[in-house]
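Reading through the structure tokens given below for one structure.
The values are calculated or read from the model by the stated rules, or taken from the named source; none is laboratory data. Computed from a prediction, not measured in an experiment: that's the story for all the values here. Positions of Cβ are backbone-derived with ideal geometry, glycine not excepted, and every protein chain shown enters the neighbour counts.
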Amino acid sequence: MEKLSVKKCVVVSVGLYPGNAKHALARAGPVGGDVVFLVNSEPRTVPEEVLRGGRRRQPMDTMEAIHSFINELDSEINIVDVWLDPRDGLVTSVAKLRSLIEGYAPCRVIIGMAGGFRWLSTALMFLALALVSVGPYVGITVDSVFAMLEEESPSVRALFRSVEERVIPWPVIPRLADLAFDEYRVIRLIGLGRHRAKDILNEYNKDCKKVSGCMSMAKIQRILVKLVRKRLIKYEKRGKAHHYELTPLGMMLVGIVKPSKAVHET
């Protein structure tokens, strides 16, 4: 993909403080037509007695402050609020994010772990690894990933006075798994509900025009064996056939077909 012609998809974790998220957005440099995903954790409001310190604000207030900041940068930037619930677990949260971003492909992804609970940073880490693994097949490239030191810590602000000193770029972005295109197509079909080899084959070949270009059952079986060895799928015997399901690793790579209700675009 030509970098100059593809929009940016900027993913930033937020939390209760807007400062780091603003710095992360300024570093990523979104412009009109780009998409910013503001990722925060449920609950959206918390009891006042839980909030501590004069700088504390409700999560919803923080998100609104960042909306205003982005609109000042460029009112044509698309903003997507993503509220993840830790009770859903890490795998489901990563799968939701991964599918959501694919909906805006083609795009160049920049991920900033700027604020919020530790589990949000962990979710964004796995998101980066998943997108690098499947990106070539869904129109996504991952340009950069970086973490930021905690802005709410007085010791951090004292020891690292400039914002740039608090940014820790990833030198490399490893993959969750090495996948060939036909392997990716098969795990995606399993994610879409094709659980038997016969059903996977029929769906795979649905648009096949020439017999010579169609997938054979033997090759599907070989791919399934590879995917089991890579721990992307598991199976159990049901009658005479095997029933295949995605493992947690496979779920993060495939994502979730249906859009999440936790997403709201403005």
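Structure data summary
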| item | result |
| --- | --- |
| Any hit, the stretch 166-188, residues being at pLDDT below 90, over 29 Å from the mean Cα position of the chain (by Cα) and not in a loop (DSSP other than H, G, I, E, B) | no |
| Residue under evaluation Ala218, criteria (1) part of a helix (DSSP H, G or I); (2) at pLDDT 95 or above; (3) under 28 Å from the mean Cα position of the chain (by Cα), criterion not met | (3) |
| Those residues of the stretch 199-215 which are exposed (fewer than 12 other Cβ atoms within 10 Å of the Cβ) and either assigned to a helix (DSSP H, G or I) or among the polar types (S, T, N, Q) (or both), in sequence order | Val211, Ser212, Gly213 |
| Scan of the stretch 77-101 for residues that are over 19 Å from Leu246 (Cα atoms) and among the acidic types (Asp, Glu), ordered by number | Asp81, Asp85 |
| Members of the stretch 111-121 found to be surrounded by 24 or more Cβ atoms within 10 Å (Cβ to Cβ) and touching a helix residue (DSSP H, G or I) at 6+ places or on another chain (Cβ under 6 Å), listed by number | Ile111, Gly112, Met113, Ala114, Gly115 |
| Per-region count, the stretch 122-151, residues buried (at least 19 other Cβ atoms within 10 Å of the Cβ), under 18 Å from Ala24 (Cα atoms) and either in contact (Cβ under 8 Å) with a residue 60 or more places away in the chain or acidic (Asp, Glu) (or both) | 5 |
| Out of Leu227, Leu249, sole residue that is in contact (Cβ under 8 Å) with a residue 24 or more places away in the chain, closer than 30 Å to Ile79 by Cα and in a helix (DSSP H, G or I) | Leu249 |
| The stretch 30-54, residues that are in a loop (DSSP other than H, G, I, E, B) and at pLDDT 95 or above | Pro30, Val31, Gly32, Gly33, Asp34 |
| Residue check, Ala114 in contact with a His (Cβ under 8 Å, 6 or more places away or on another chain), more than 22 Å from Gly255 (Cα to Cα) and among the small types (Gly, Ala, Ser) | yes |
| Where a residue in the stretch 185-201 is under 12 Å from Leu224 (Cβ atoms) and its partner, wherever it lies, is assigned to a loop (DSSP other than H, G, I, E, B), with Cβ under 6 Å and at least six apart | Ile187/Leu232; Ile200/Arg194 |
